[in-house]
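The values are calculated or read from the model by the stated rules, or taken from the named source; none is laboratory data. Being a predicted model, the structure only gives us computed values, none of them experimental. Every residue, glycine as well, gets a Cβ built from its backbone with ideal geometry; the counts of neighbours run over all protein chains shown. All accessible areas refer to the heavy atoms of the entire protein, side chains included, with ligands and DNA or RNA removed. Shrake-Rupley method; radii C 1.70, N 1.55, O 1.52, S 1.80 Å.
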Amino acid sequence: MAAQVSLPRVGVPDVGGVLDQVDDTLDRSTREIERQVEKLARDRLRRIDRLVRRNSDAIELDASGTPARRGELLVMDAPAEALERASEDGFTVLSREKIEGLDLAVIRIGIPEGMSLSDAEKKLRGILPGAEISADNLHFQSGNASVATLALSASSTSSAGAPVGMIDGAPSSAVKVSEMRGFAKGAPYPSNHGSAVASLLAYAGAGPIRVADVYGTDKAGGNALAMAKGLGWLVARGSKVVTISLVGPRNAVLGRAIAAAQRKGVVVVAAVGNDGPASPPSYPASYKGVVAVTAVDGKRRALIEAGRALHLDYAAPGADIYGRNARGRRIELRGTSFATPLVAARASQAIAGGKDWRGALDSEAEDLGKKGHDDIYGRGLVCATCTGR
């Protein structure tokens, strides 16, 4: 599950509206670009269908057609008497979750036997009209790693920055981090993606790195509740910046958790995903105030597969760069996943130096594409020389 998936109940979108922005950045014909964008959209839908079919015991689609943990809903702001009414209709309270560090309370609700998640969500909204209800939506890693023979890898002993938290899979012992905690079945469990992201954080000079593993060995790993819990733990442990190279749909629980972290002064940095410019807006990158990051290759061209968010802040290298996998081997990386920790590390360094992180990143950012802020590179290219070579 190494790419963004969301909104499977829609047809392949019209890509004509996105071609103008892509055509300006790639030395390819418009026809070739159109084919690739259409293929990305179709591939996303196929991945979702395959994921749900192969893991039907743990995953199903919610009311908006996005993958989520089977048989459970998440509820906030529900009065006790309303929950009693829900129980009369077959809904059960599975647990009451207090999210550390964020002052949030979430109730896990089991749905009636034989009822689909989609129907249960609609019914529960009718029973609890004043409550915030969502499925426990899944989020997916937004980058690929392949073994390569390289001169050097992204591994550095520099720790000049402020503490950085990472929500992802766990890195292996080949990548040194300060602390790690699991928020999913079987976690922490080493992953290639988590190892690569952590190695890039270290290479780019992030401060002490703490990792919240939200995948482990769980088929429904990367869910919103696990991410919210992981974020709360990272905030409680003193992280000043949190990097998230995962993408999924809008989710009330995770959105509220991110807003709570931001109120505590934490900078949240997230990838825009790899499903192409015709994909739905990715989250958490699209939440208000989150630093949304896209990627460029070694020639400073925007990646054709880069997704989109409701806003875009910065670009960073996300292809022709290198890191480590779970076995400690040197690997070649591609995806917006790997641009994101580079931006997070830069923010970490600025904060440690007592600087305004936004001003520091803006000062470093190289303006690419159209003059000023644009929808392809955002405010510009950050960490341009951070390739891991």
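The residue list TYR287, SER64, PRO129 was ranked by how far each Cα lies along the charge dipole of the chain toward its positive end, using unit charges on Cβ atoms, and TYR287 comes out on top. How big is the accessible area of MET115 in square angstrom, nearest 10, if you roll a 1.4 angstrom probe over the protein chains? Approximately 50 Å² of MET115 is accessible to the 1.4 Å probe.
Rg and Dmax of segment 200-239, both derived from C-alpha coordinates alone, stand at 11.9, 33 Å. For the set SER286, SER64, SER173, the ranking by accessible area, highest first and with no ligand, DNA or RNA atoms included, is SER173, SER64, SER286 under a 1.4 Å probe. Enter the angle in degrees (range 0 to 90, nearest 10) between the Cα long axis of helix 30-54 and the first principal axis of the Cα atoms of the chain, meaning the one along which they spread out most. Compared with the principal axis, the helix lies near 40 degrees. Principal axis analysis of the Cα atoms in segment 63-116 yields extents of 36, 29, 17 Å, listed in decreasing size. Across ARG334, ARG250, ARG42, mean-square fluctuation computed from a Gaussian network of the chain (C-alpha pairs under 10 Å connected) peaks at ARG42. To the nearest 10, the accessible area of ASP356 is 100 Å² with a 1.4 Å probe.
For the chain, DSSP calls about 55 percent of its internal beta bridges antiparallel. Rounded to the nearest 500, the helix-only mean residue ellipticity at 222 nm of the chain stands at -9500 deg cm²/dmol, with each DSSP H run of n ≥ 4 adding -39,500 (n - 2.57). Global size of segment 251-389: 14.6, 43 Å for Rg and Dmax (C-alpha atoms, Rg to one decimal, Dmax whole).
Calculated translational diffusion coefficient of the chain (37 °C, 0.692 mPa s; Stokes-Einstein with Kirkwood radius over alpha-carbon pairs) equals 158 µm²/s. If I model segment 210-261 as equal point scatterers sitting on the Cα atoms and use the Debye formula, what is log10 I(q)/I(0) at q = 0.22, 0.24, 0.28, 0.29 Å⁻¹? Taking Cα atoms of segment 210-261 as identical point scatterers yields -0.82, -0.97, -1.27, -1.33.
A straight Cα-to-Cα reach below 25 Å connects LYS299 with the lysines LYS39, LYS370, LYS371, residues fewer than 8 places away in its own chain not being considered. Toward the positive end of the charge dipole of the chain, with +1 on the Cβ of Lys and Arg and -1 on the Cβ of Asp and Glu, the farthest Cα among GLY222, SER191, SER118 is that of SER191. Run the reach check for LYS240 against aspartates and glutamates, Cα to Cα strictly under 14 Å, same-chain hits fewer than 8 apart removed. What comes back? Those aspartates and glutamates meeting the cut-off are ASP356.
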